[in-house]
1. Mind checking which residues of the stretch 290-340 are open to solvent by less than 50 Å² (accessible area, probe 1.4 Å), hydroxyl-bearing (Ser, Thr, Tyr) and at pLDDT below 95?
2. Can you find even one residue in the stretch 232-251 that is over 30 Å from THR62 (Cβ atoms), of a type outside the set (A, V, I, L, M, F, W, C) and more than 20 Å from the chain's Cα centre (by Cα)?
3. Is it true that some residue in the stretch 304-319 is over 25 Å from the mean Cα position of the chain (by Cα) and polar (S, T, N, Q)?
4. Just to check your reading of the model, which residue among VAL351, VAL357 is in contact (Cβ under 8 Å) with a residue 24 or more places away in the chain and open to solvent by less than 40 Å² (accessible area, probe 1.4 Å)?
5. Within the stretch 149-182, count every residue that is open to solvent by 50 Å² or more (accessible area, probe 1.4 Å), under 21 Å from ASP99 (Cα atoms) and not in a helix (DSSP H, G or I).
6. Taking ALA21 and the conditions (1) at pLDDT below 75; (2) open to solvent by less than 20 Å² (accessible area, probe 1.4 Å); (3) not basic (Lys, Arg), which numbered condition does it fall short on, given that it satisfies the others?
7. Yes or no: the stretch 221-228 includes at least one residue that is open to solvent by less than 70 Å² (accessible area, probe 1.4 Å) and either among the β-branched types (Val, Ile, Thr) or farther than 30 Å from GLU175 by Cα (or both).
8. I need every pair where a residue in the stretch 196-214 that is more than 17 Å from ALA135 (Cα to Cα) and of a type in the set (D, E, K, R) has its Cβ under 6 Å from the Cβ of a residue that is part of a helix (DSSP H, G or I) and open to solvent by 10 Å² or more (accessible area, probe 1.4 Å), sequence separation at least 6 or different chains.
Amino acid sequence: MSLSIGIVGLPNVGKSTLFNALLKKQVALAANYPFATIEPNNGIAEVPDARLAILAKIVKTTVIKPAVVEFTDIAGLVRGASKGEGLGNQFLSHIRETDAICHVLRAFSDKNVIREGAISPEEDLQTIRTELQLADLATLEKQKQPKGGVDKELFVRWEYVQKFLTTLNAGKMIEAELASYGDEKLAQKYAKELNLLTAKAEIFVINVDEDELKEQMLKVADWAKKLGVRSEQIVIVSAKIESEIAVLSTEDQVLYLEELGLKESGLERLGRVAYQTLKLQSFLTAGELEVKAWTIYQGMTAPQAAGVIHTDFEKHFITARVASYEDFVACNGWSGLKEVGKIRQEGRGYVMSEGDVVEFMIGK
């Protein structure tokens with residue numbers, strides 16, 4: 001299961017620069033003019049996980065496969081996008097294909113980079129959200145009220161359409177109001193069926209000057225208040241610093257981050273925030289062939305997790321051998337765990353925990 005995040009924002013706020021840095025290669029065109037990105041650039045970025053290297057030493061493998069995030073660098077939005085202004089129709093259709101929206105907001109002061117519609121992070125976010133809301137209003141207003149003896153579910157669906165319309169007409173994002181609709185899961189279901197943009201989870205990247213990065217990282221709560229969002233949704237980065245880190249070797253990256261007084265890169269922080277925002281977690285597999293992190297939603301059962309590895313595994317699931325990452329390391333692998341009786345046999349009802357090291361027993 002891969003996570004797809006659309007990187008959005010006004011033109012020239014640093015979207016493509018950040019995208020290139022995250023992918024550690026220049027796959028997107030970072031140019032100083034509006035609409036440098038026309039077709040969306042897609043790529044896979046690894047989510048760093050220090051646990052994998054430790055597990056690899058224990059099971060004596062050199063093959064390490066981290067969890068991945070799929071990023072889509074989407075064309076810059078302008079006011080009127082919902083009505084087709086700029087590249088609006090393309091912009092909106094590309095966002096619909098992603099699991100979450102990563103807003104890149106300009107807070108850097110480089111006068112050499114043209115401000116195409118960008119005013120302030122707060123107003124820029126409002127511009128983008130307004131276009132998303134208008135697009136969703138157009139979608140909802142096309143829905144027709146059910147009549148007569150049709151399926152009762154259509155009437156329930158219509159009730160949620162009306163709730164969504166009320167939210168949007170009040171200038172709010174549907175995602176923030178899902179819990180207030182009575183049945184959150186049902187609301188999510190209908191919002192997904194309708195492919196509503198404002199029902200997608202949001203992450204906010206504040207792109208700051210490189211010499212202000214450390215100072216701004218201490219002001220996440222202030223940014224949250226300014227933007228009217230939760231602190232845990234915010235990542236402060238300097239896209240310029242990330243682009244410099246991207247071309248360094250792993251060892252040099254560590255040294256460079258230490259020089260800057262940072263413990264982790266923007267990619268690591270963005271990956272963590274993405275996981276938290278989308279309520280994701282990882283389970284780990286460790287064998288002689290490879291060590292790998294697998295992405296699942298919080299609350300998934302062992303058979304569902306097995307199905308992420310291969311769809312047939314869920315259907316033919318028998319049991320799972322499970323150990324916590326901490327126990328696996330402390331006992332130096334499966335044999336050590338067996339000696340002290342710390343391998344758990346879990347059945348179909350087991351709910352996976354973050355960092356579980358697992359072997360699935362699958363039938364035919």
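1. Across the stretch 290-340, the qualifying residue is only THR295.
2. Kept after step one, since they are over 30 Å from THR62 (Cβ atoms), are these residues of the stretch 232-251: 232-241.
Filter again for of a type outside the set (A, V, I, L, M, F, W, C), leaving 232-233, 238, 240.
Now restrict to residues that are more than 20 Å from the chain's Cα centre (by Cα): 240.
Checked against the condition, which is being over 30 Å from THR62 (Cβ atoms), of a type outside the set (A, V, I, L, M, F, W, C) and more than 20 Å from the chain's Cα centre (by Cα), the stretch 232-251 yields at least one hit.
3. Yes.
4. VAL357 is the lone residue from the list that is in contact (Cβ under 8 Å) with a residue 24 or more places away in the chain and open to solvent by less than 40 Å² (accessible area, probe 1.4 Å).
5. 1
6. (1)
7. No, because not a single residue in the stretch 221-228 is open to solvent by less than 70 Å² (accessible area, probe 1.4 Å) and either among the β-branched types (Val, Ile, Thr) or farther than 30 Å from GLU175 by Cα (or both).
8. GLU210/LYS240
The values are calculated or read from the model by the stated rules, or taken from the named source; none is laboratory data. What you see is a predicted model; the values in this text were computed from it and never measured. Note that each Cβ is placed from the backbone with ideal geometry, even for glycine, and that neighbours are counted across all protein chains shown. The area values use the complete protein model at the heavy-atom level, side chains included, leaving out ligands, DNA and RNA. Shrake-Rupley method; radii C 1.70, N 1.55, O 1.52, S 1.80 Å.
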